[in-house]
Amino acid sequence: MDTDVIVVGAGPTGLLLACELALAGVRTRVIERRTEPQQDSRALTLHPRSLELMDLRGLAPRFLGLGRTVPGWHFAALGTPLDFAALDSRHAHTLFLAQARTEALLAQRAQELGVGIQRGHTLTGLRQNEDGVEAEVRGPDGDPRPLRAAYLAGCDGARSLVRQAAGIGFPGTDETLTGVLGDFATVGADAADLAAARAAGVLVAPLEGGLTRFVYVDPEGMRTPSQVPVTLEEFRAALVRICGRDFGVDRPRWLSRFGNATRLAAAYRSGRVLLAGDAAHIHFPAAGQGLNTGLQDAMNLGWKLAAEVGGWAPPGLLDTYHAERHPVGRAVTENTEVQTLLAELPLVARYRRPATALRTLFDELLRMPEVNRRLADQVSALGTAYPAAAPDADPLAGRRMPDIGLSAAGSDATRVYELLHRGGFLLLRLAGVQGPHPDPYEVPAIGQGPRITAVTAHAYEEHPELGGVREVLVRPDGHIAWATRSEDADLRRTGRDAALGAWAARATR
């Protein structure tokens, strides 16, 4: 084998997946058809769960140091914002950070971990058998360069050649609506003017480098196919129709049209080929969920694929990638379709009055804290929970582990996420709130290996979901594999052994 895993695509999803694999000791090679990193940024945000993922690996300060936090977000561009600040997270905000910056930070991390990123290399085909995958790659000089690997991950976007070559279906709906974005170096408008543009339904956002982004859906041009190039004249005319003026936009850095085609891969895995990010799901960029969903795909897949390559995966572990992430992809595509409909209908003359009333109703519902919280949990991905492995599992099983503060003997960590920086499992025994440093944790009966950190700790922060929890097994992606509230030591040991066997048995030997 030339390498253990080939990752096709050096966008955020592919780069994070490569980082996760390399952190686990997997030989990983990224191939990317572009010769240079992407400079333009369609996505501009990292949502709370994505920031938590970076925190799980000790990377959050790098991202937070370059972006701007925003406590509220939107649903279908309604007037009442989603209150991210009320969410249960140390990162209860969106980070306004251009995609190009996110890619650069992840590429830097990948290089630190020894990942080879081969730019100017294009995948032209692939074949797989029970032993591995052979990728047909064309290098910068045009010569074919076959590569062999145990597995191949397609993170190569909406038109994924990996998906097509693997014969994975991509059902869904075709484009019926398009929006337009433009990044401008010159804008002749003050803050009040830009506020008026936003009130008219135009998204206006400052970008680094002195650029300003405008995004709109024009009733007269919303059926224009996304392949049709955008001109400066068209952009100005659309702003005049929507807002009454063009705000002096000039010197465009980037003009682009995007559509609402919505598709979800029929399978996230076909043998030794796997899909993540836009290769697995596409949708209208409502609430900025696309890039974030891809990052969460990568985090779920990374440790499972590393376990398979490393030979310590329990039977069926890699299949849980599709079982857990495909329903999330479906939920996101359905969520964005609802938001797109709420935004589109008022633009159609015959639906304008009832659609406006519908938006008003949704806006009123968002003022209800329980409704706002539910949609905020969904868009932020903090509410993502995977199915429990056992029918009698604790309600925490499958949910994300809260990042509670800890006090543990022999450890410098002061919170849960710091114990997950190395990308392994965490077996945590909670010895109550506060109190003196506990004695070292008794080694679990199944044994302890380099991929599992076992710690006894006092929590110095109470958390309602953790009330009465005595032990918890946290997966490398920060989700809970198993938890128990039992006071019976023998029952705890039996449950612990079963959980370790189901999720990480060979990792302990």
Flag for GLU52 being in a strand (DSSP E or B), of a type in the set (Asp, Glu) and at pLDDT 95 or above: no
Every residue from segment 206-224 that is touching a Lys or Arg at 6+ places or on another chain (Cβ under 7 Å), surrounded by 14 or more Cβ atoms within 10 Å (Cβ to Cβ) and without any contact (Cβ under 8 Å) to a residue 40 or more places away in the chain: ASP218
Within segment 228-242, count every residue that is outside any helix (DSSP H, G or I) and in contact with a Lys or Arg (Cβ under 8 Å, 6 or more places away or on another chain). 3
Residue under evaluation THR35, criteria (1) within 21 Å of PRO285 (Cα to Cα); (2) in contact with a strand residue (DSSP E or B) (Cβ under 8 Å, 6 or more places away or on another chain); (3) among the hydroxyl-bearing types (Ser, Thr, Tyr), criterion not met: (1)
Looking at (1) surrounded by fewer than 19 Cβ atoms within 10 Å (Cβ to Cβ); (2) touching a helix residue (DSSP H, G or I) at 6+ places or on another chain (Cβ under 6 Å); (3) within 19 Å of GLY302 (Cβ to Cβ), which is the only condition HIS421 fails? (2)
Filter result for GLU36 (acidic (Asp, Glu) and at pLDDT 95 or above): no
Which of the following residues is without any contact (Cβ under 8 Å) to a residue 40 or more places away in the chain, closer than 23 Å to HIS47 by Cβ and either crowded, with 16+ Cβ neighbours inside 10 Å or not assigned by TED's automatic domain parsing to the domain that holds LEU82 (or both): LEU341, LEU345? LEU341
The lone exception for ALA110 - which of (1) among the small types (Gly, Ala, Ser); (2) part of a loop (DSSP other than H, G, I, E, B); (3) under 29 Å from GLY288 (Cα atoms) it fails: (2)
If THR69 satisfies every condition in (1) in a loop (DSSP other than H, G, I, E, B); (2) surrounded by fewer than 18 Cβ atoms within 10 Å (Cβ to Cβ); (3) hydroxyl-bearing (Ser, Thr, Tyr) but one, which is the exception? (1)
If you take just the strands (runs of 3 or more DSSP E) that sit entirely in segment 383-479, which of them hold at least 2 residues that are touching a Ser or Thr at 6+ places or on another chain (Cβ under 9 Å) and at pLDDT 90 or above? 425-433, 471-474
Considering each of PRO81, PRO146 in turn, give the residue that is more than 22 Å from ASP278 (Cα to Cα), exposed (fewer than 15 other Cβ atoms within 10 Å of the Cβ) and out of contact with any Cys (no Cβ under 9 Å at 6 or more places or on another chain). PRO146
Looking at (1) over 26 Å from LEU15 (Cα atoms); (2) in contact with a Gly (Cβ under 9 Å, 6 or more places away or on another chain); (3) surrounded by 19 or more Cβ atoms within 10 Å (Cβ to Cβ), which one does ARG163 not meet, given that it meets all the others? (1)
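Results for (1) within 18 Å of ALA276 (Cα to Cα); (2) part of a loop (DSSP other than H, G, I, E, B); (3) among the β-branched types (Val, Ile, Thr), shown as yes or no for each residue.
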| position | (1), (2), (3) |
| --- | --- |
| GLY114 | no, yes, no |
| LEU126 | yes, no, no |
| VAL133 | yes, no, yes |
| ASP156 | yes, yes, no |
So which of GLY142, GLY201 ends up being within 27 Å of the chain's Cα centre (by Cα) and at pLDDT below 95? GLY201
Index of the failed condition, ALA385 passing every other in (1) under 17 Å from ARG496 (Cβ atoms); (2) outside the structural domain of ARG470 (by TED's automatic domain parsing); (3) aliphatic (A, V, I, L, M): (1)
Which residues, taken from segment 451-479, are over 18 Å from LEU419 (Cα atoms) and among the small types (Gly, Ala, Ser)? GLY467, GLY468
Hey, among ARG241, ARG251, which residue is in the same structural domain as GLY201 (by TED's automatic domain parsing), surrounded by fewer than 17 Cβ atoms within 10 Å (Cβ to Cβ) and in contact (Cβ under 8 Å) with a residue 24 or more places away in the chain? ARG251
Which pairs turn up if I take residues in segment 103-118 that are in the same structural domain as SER50 (by TED's automatic domain parsing) and look for partners that are part of a helix (DSSP H, G or I) and not hydrophobic (A, V, I, L, M, F, W, C) with beta carbon separation below 9 Å, at least 6 apart in sequence or on another chain? GLU103/PRO12; LEU105/ARG62; LEU106/PRO12; LEU106/GLY14; GLN108/ARG62; ARG109/ARG62; VAL115/ARG109; ILE117/GLN111
Mind checking whether some residue in segment 324-337 is in contact with a Lys or Arg (Cβ under 7 Å, 6 or more places away or on another chain) and touching a residue at least 40 places away in the same chain (Cβ under 8 Å)? no
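If you go through segment 249-258 one residue at a time, do you hit one that is closer than 30 Å to GLY501 by Cα, in contact with a helix residue (DSSP H, G or I) (Cβ under 8 Å, 6 or more places away or on another chain) and modelled with pLDDT of 95 or more? Walk me through it before giving the result.
Narrowing segment 249-258 to residues closer than 30 Å to GLY501 by Cα: none.
Within segment 249-258, not a single residue is closer than 30 Å to GLY501 by Cα, in contact with a helix residue (DSSP H, G or I) (Cβ under 8 Å, 6 or more places away or on another chain) and modelled with pLDDT of 95 or more.
The values are calculated or read from the model by the stated rules, or taken from the named source; none is laboratory data. Source: prediction; values computed, not measured. Glycine also receives a Cβ, built like all others from the backbone with ideal geometry; neighbour counts cover every protein chain displayed.
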